[in-house]
Amino acid sequence: MKQQYKSYDESCAFLEACVEKYPDLITIENIGNTWEGRPIMLATISLHVAYAKLKPALLYTGTIHAREWIGHELAVEFIDYLLSNYDSNPEIFETLTENTLYIVPCLNPDGFEYSRKHFSFWRKNRRNNGDGTFGVDLNRNFEVGYKRTTNTSSNVYSGPHPFSEPETQAIKKFVDEHSNITIALDYHSQGNVFFPAHKFNHESEIEGTDLNSLCANMNYHIHKVTGRHYGINRGKPPTKLISGSGREYYYSKGIIAIVVEVGTRNIPDYIQNMSESVNENIPALLYALGESKSYSKSAPKRVEDFHIVSFSANSCEIAWEHEDNNVYFEIYKNLNNKMACNQSSLVGVTCNKYFIDENLESGTMYFYYIRAVDKLTKTFSPYAPKVKLKTLLSENEFSRTIFPHASDVGYVAEKSPEANHKHFGVNSLKVGVSEALGISYGVMTFDLSTIPKNAIILDAKVSLYPLNRVSAKVEKYGEWSLTIIDQETVPNIRDFDQVHNAKRIKSIGMSIPSEKLTQGIWSHWDCNEFERQMVQEELKHEKITFKLAGPTTLPVGRDSQIMVFDLGYGNQGGGLHYRPSIDIKYTIPSTKVALPLENSMTITPDGIITEYLACGFNENDEKIFGYLSFDLSSLPDPDEVVITDAWIELYNTSTVKKKVDIRYNVEFVDLEEFSYSDIKERERIEFIGYEVSSAQLGKKRKHHFIFDQYSKLALEEKQKNGEEAKFIIKPTSVLTRDHIINWASEKKHAAKLMIKYIKRRKFPLPAPVNLKTNIVNKLIKITWDKVEDEDLIGYYVVRNRWHAPKNPFDGVKLYAGPDNYTYDNFGSTKMDKYFAVFTYDNVPNYSLGSVIEYKAK
Ligand SMILES: [Zn+2]
């Protein structure tokens with residue numbers, strides 16, 4: 001007999017058998033009877049279960065929607081897993097020692113049985129509505145955000161009043177009486193996505209990082225089993241939120257509440273799909289159960305004022321506050337949002353209230369997280385709100401984040417040739433294949449005209465935000481790939497046939513398989529070196545066009561395999577924040593100049609010889625030094641010059657004796673006047689970089705003393721101060737005598753200072769001043785004084801509820817552009833928060849932020 005879905009009676013019988021076999025581990029109770037008189041069974045599982053209520057607890061609810069059988073099935077399997085393995089698996093043993101699991105395998109037994117026996121697509125409970133219709137959507141019948149609806153035949157009929165149903169009353173009563181519940185997971189199908197709870201506004205919440213990180217860490221365990229990544233998506237409040245759901249009721253009681261949508265069908269192939277869903281969710285559930293104690297009263301307090309102190313191109317310092325001395329701190333770092341915070345991302349463990357991270361990449365986004373950990377019990381605290389940082393660019397780098405114009409981004413579908421032109425600049429990209437649309441491609445053109453045609457591309461990455469609705473069905477099937485296409489073969493990007501037949505130039509990044517294309521988490525296509533060259537080629541057209549393609553054939557029996565990506569435009573677009581983008585980091589070719597020798601001397605114990613350059617050892621084994629100086633005034637404006645390479649070029653005219661090991665190096669000197677002993681006794685030594693040995697001198701005539709990074713900066717400093725660059729060539733050796741190297745002085749071979757530089761602003765413009773907020777048309781309007789400077793490109797405005805943003809990327813982006821005002825669109829006027837405004841130039845260098853704290857009345 002093949003394994004099939006259990007009936008409600010079977011799972012009740014299973015629970016009773018468990019109580020008999022493991023009386024110290026599990027108790028069961030009926031928390032209420034349904035309309036049809038079935039008991040709603042809840043199991044309590046904990047080590048020494050009699051004390052369960054004294055421990056922090058996770059509440060599991062399954063199958064509140066009748067047809068979503070995974071909740072019921074997973075519950076039974078999870079219980080079985082815990083009870084059968086607790087004494088052999090120390091992780092289960094420890095988790096059940098410290099935490100309690102309350103589990104309702106099926107919160108809607110009447111509906112579930114109706115779905116099993118009569119109509120598999122049934123969703124509601126079995127209330128007799130008295131008008132010939134049956135059922136209330138239990139997940140619209142809770143109190144928070146409850147909306148009264150009157151269409152009793154609707155699948156989302158919310159019932160006559162909040163908590164009108166015995167099922168919702170039962171779970172409400174249980175939750176109200178169990179203040180030890182800290183986490184609630186409500187299992188539904190379908191979509192392979194986590195939906196954390198909401199407070200019905202667009203502002204970040206103090207538990208926001210907790211919610212996302214719990215999902216991300218559960219995802220880590222799911223990925224280990226099946227390689228799948230679930231989406232993590234809080235939707236687009238407030239219009240897109242469901243009303244009267246259990247999740248929001250639990251959240252309103254201070255519980256970390258999440259809906260988990262499992263699988264790709266309500267009632268999938270048991271052996272192939274359901275068992276996979278069950279297997280991948282069990283370790284994730286065990287992890288979540290262990291997290292219950294992190295949100296209990298006995299857990300350490302959340303870290304406060306977690307913020308950036310300072311940052312550069314390669315490092316950053318973050319700091320925080322915490323009153324408790326019995327804790328240490330764990331710091332996690334990720335390169336993408338909503339990634340796991342665990343051993344895989346742990347970068348610091350410290351008792352300090354600060355952390356310095358080094359070896360960062362320039363111009364790169366980082367996400368930092370922190371938890372306090374009790375030194376004795378090892379219990380974690382909740383998370384402080386995460387900190388976001390983009391490191392500065394290196395001195396020779398420029399960057400651009402380019403969004404497509406609304407008219408240049410959309411999708412073209414095979415079966416809607418007339419409608420395709422309307423798919424541009426509104427709402428979303430639908431990419432893949434379906435019976436209704438046929439094959440459907442995303443197309444986007446990015447304007448590259450702000451990048452010089454001769455730029456050298458160092459990094460390129462395209463980002464898109466998948467955002468399926470719950471109704472979208474994406475099976476584990478197919479890949480989504482991004483290809484540069486030849487624009488000349490696609491004169492009209494709104495024409496399906498042209499896009500379909502477009503000449504491919506190169507696919508970029510990795511194709512992303514369906515199970516890793518996760519809604520609510522940015523998808524990135526990163527270019528390798530060869531792909532960067534292809535992007536570079538497109539600079540000459542001043543634009544680049546990409547085609548996004550998914551699978552082109554359907555899995556057997558399915559009618560759609562379409563992934564939806566947010567466009568940011570249109571009434572259902574998520575706004576600026578979710579727009580597709582290409583991020584390009586580049587440099588430009590350098591200009592090479594040769595600065596002629598200004599002065600040269602040879603400094604010997606017997607005196608100084610001008611207009612002559614030599615160095616080495618005299619017959620008394622005393623050092624002879626060469627001196628040379630260069631005039632830097634012919635270089636362009638020092639504030640706009642970055643020296644990328646520098647070296648001194650010298651010609652040796654002497655014969656080098658074999659078997660002597662002398663090394664020559666060059667160092668900077670600041671001396672105005674000097675004698676032989678001044679040079680000889682000098683203590684401060686600043687070599688410019690690389691030395692030349694006598695063996696090398698013997699092999700060839702022309703020699704390069706190449707500057708290291710420090711010396712290049714020193715050279716820029718000299719230029720800025722209007723000083724000459726002066727150097728001493730110094731020999732070093734053990735016991736050598738009578739060995740002099742003469743350096744050529746005739747014009748062609750005379751010493752030169754070779755410099756390669758690029759023109760690039762080094763320093764940011766001043767920060768804006770006179771920041772103000774006021775309320776205009778029920779929105780917060782932020783204004784500031786214009787910065788008058790021809791190099792100004794614009795202002796970057798960011799919002800953060802928790803701390804003053806030190807970095808333009810540390811919070812929600814509100815605006816980037818030349819205006820000196822913006823609105824806090826979607827934001828609430830009733831919450832305290834910080835706004836920061838930064839100026840930027842064409843590099844861009846960002847100024848320090850001007851910050852204003854907004855206080856709600
Ligand atoms: Zn559901």
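Please work out which residue is least open to solvent (accessible area, probe 1.4 Å), limiting yourself to region 576-610 and to residues that are among the charged types (D, E, K, R) and within 21 Å of H749 (Cα to Cα). That would be E598. Residues that are within 33 Å of the chain's Cα centre (by Cα) and either part of a loop (DSSP other than H, G, I, E, B) or more than 16 Å from the ligand (Cβ to nearest atom) (or both) were ranked within region 64-97; the one that is farthest from E280 (Cα to Cα) is E94. Considering the conditions (1) of a type in the set (D, E); (2) in contact with a Phe, Trp or Tyr (Cβ under 7 Å, 6 or more places away or on another chain); (3) open to solvent by 20 Å² or more (accessible area, probe 1.4 Å), D176 is excluded by exactly one of them, (2).
Residues of region 363-381 that are open to solvent by 10 Å² or more (accessible area, probe 1.4 Å) and either touching a His at 6+ places or on another chain (Cβ under 7 Å) or not in a strand (DSSP E or B) (or both): G363, T364, K375, L376, T377, K378, T379. Applying the condition of being open to solvent by 50 Å² or more (accessible area, probe 1.4 Å), part of a loop (DSSP other than H, G, I, E, B) and aliphatic (A, V, I, L, M) to region 728-752 and asking which residue is nearest to V593 (Cα to Cα) yields V734. Selection of first residues in region 496-515 that are crowded, with 16+ Cβ neighbours inside 10 Å and of second residues that are in a helix (DSSP H, G or I) and of a type in the set (V, I, T), restricted to Cβ pairs under 8 Å at least 6 apart or on distinct chains, gives the following pairs, ordered by first then second residue: Q498/T489; A502/T489; I508/V535; E515/T226. In this structure, K762 does satisfy being modelled with pLDDT under 95 and open to solvent by less than 30 Å² (accessible area, probe 1.4 Å). Residues that are in a strand (DSSP E or B) and open to solvent by less than 10 Å² (accessible area, probe 1.4 Å) within region 183-204 comprise I183, A184, L185, D186, Y187, H188, V193, F194, P196, listed in sequence order. Taking the criterion of being among the small types (G, A, S) and open to solvent by less than 10 Å² (accessible area, probe 1.4 Å), the residues of region 140-163 that qualify are S158, G159. Scanning region 215-256 for residues being aliphatic (A, V, I, L, M) and either closer than 19 Å to H202 by Cβ or at pLDDT below 95 (or both) gives a total of 3. Within region 574-606, the set of residues being closer than 30 Å to F674 by Cα and among the β-branched types (V, I, T) comprises V593, T602, I603, T604. Listed by first and then second residue, the pairs with beta-carbon distance under 8 Å, at least 6 apart or on different chains, first residue in region 255-267 and open to solvent by 20 Å² or more (accessible area, probe 1.4 Å) and among the hydroxyl-bearing types (S, T, Y), second within 13 Å of the ligand (Cβ to nearest atom) and not in a strand (DSSP E or B), are T264/Q190; T264/G191. Within region 171-195, the set of residues being over 15 Å from T61 (Cα atoms) and within 16 Å of the ligand (Cβ to nearest atom) comprises Q190, G191, N192, V193. Taken over region 568-605, residues that are in a loop (DSSP other than H, G, I, E, B) and touching a Phe, Trp or Tyr at 6+ places or on another chain (Cβ under 8 Å) amount to 8. Within region 538-549, the set of residues being in contact with a helix residue (DSSP H, G or I) (Cβ under 8 Å, 6 or more places away or on another chain), open to solvent by 10 Å² or more (accessible area, probe 1.4 Å) and outside any helix (DSSP H, G or I) comprises K543, K547. The strands (runs of 3 or more DSSP E) found entirely in region 762-857 that carry 1 or more residues being under 27 Å from the mean Cα position of the chain (by Cα), among the aromatic types (F, W, Y) and under 26 Å from L392 (Cα atoms) are 794-800, 812-817, 833-840. Hey, can you tell me all the residues within region 140-170 that are in contact with a strand residue (DSSP E or B) (Cβ under 7 Å, 6 or more places away or on another chain) and within 16 Å of the ligand (Cβ to nearest atom)? Of everything in region 140-170, just one residue is in contact with a strand residue (DSSP E or B) (Cβ under 7 Å, 6 or more places away or on another chain) and within 16 Å of the ligand (Cβ to nearest atom), namely E167.
When the test is whether a residue is at pLDDT below 95 and surrounded by 14 or more Cβ atoms within 10 Å (Cβ to Cβ), N342 does not pass it.
Selection within region 99-125: residues that are more than 28 Å from I26 (Cα to Cα) and in contact with a helix residue (DSSP H, G or I) (Cβ under 9 Å, 6 or more places away or on another chain). The member of this set that is modelled with the lowest pLDDT is F121.
Output the residue which, of all residues in region 45-63 that are over 25 Å from K117 (Cα atoms) and touching a Phe, Trp or Tyr at 6+ places or on another chain (Cβ under 6 Å), is farthest from the ligand (Cβ to nearest atom). Once the filter is applied, the top-ranked residue is A57.
For region 430-439, the condition of being farther than 21 Å from I793 by Cβ, of a type in the set (D, E) and assigned to a loop (DSSP other than H, G, I, E, B) holds for at least one residue.
Every test in (1) at pLDDT below 90; (2) open to solvent by less than 10 Å² (accessible area, probe 1.4 Å); (3) within 30 Å of S523 (Cα to Cα); (4) in contact with a strand residue (DSSP E or B) (Cβ under 8 Å, 6 or more places away or on another chain) is passed by G568 save one, and that test is (4). Criterion applied to I206, I242, I255 was being away from the ligand (no atom under 16 Å from the Cβ) and touching a helix residue (DSSP H, G or I) at 6+ places or on another chain (Cβ under 8 Å), and the one residue passing it is I255.
Looking only at residues in region 117-139 that are surrounded by fewer than 20 Cβ atoms within 10 Å (Cβ to Cβ) and within 12 Å of R67 (Cβ to Cβ), the one that is farthest from the ligand (Cβ to nearest atom) is H118.
For region 382-426, which positions are open to solvent by 40 Å² or more (accessible area, probe 1.4 Å), within 30 Å of P551 (Cβ to Cβ) and assigned to a loop (DSSP other than H, G, I, E, B)? F403, H405, E414, K415, P417, E418, V426, listed by residue number.
Of the residues making up region 42-59, those that are over 17 Å from I255 (Cβ atoms), of a type outside the set (A, V, I, L, M) and open to solvent by 10 Å² or more (accessible area, probe 1.4 Å) are H48, Y51. Looking across region 261-278 at every residue that is hydroxyl-bearing (S, T, Y) and within 21 Å of K224 (Cβ to Cβ), the one that is modelled with the lowest pLDDT is identified as T264. For V556, the requirement of being more than 22 Å from the chain's Cα centre (by Cα) and open to solvent by less than 30 Å² (accessible area, probe 1.4 Å) is not met. Scanning region 12-41 for residues that are buried (at least 16 other Cβ atoms within 10 Å of the Cβ), in contact with a strand residue (DSSP E or B) (Cβ under 8 Å, 6 or more places away or on another chain) and under 28 Å from N266 (Cβ atoms) yields C12, L15, C18, I28, I31, G32, T34, W35, P39, I40, M41.
The values are calculated or read from the model by the stated rules, or taken from the named source; none is laboratory data. The shown structure was predicted, so the numbers you read here are calculated from the model rather than taken from an experiment. Note that each Cβ is placed from the backbone with ideal geometry, even for glycine, and that neighbours are counted across all protein chains shown. SASA here: full protein model, heavy atoms, side chains in, ligands and nucleic acids out. Shrake-Rupley method; radii C 1.70, N 1.55, O 1.52, S 1.80 Å.
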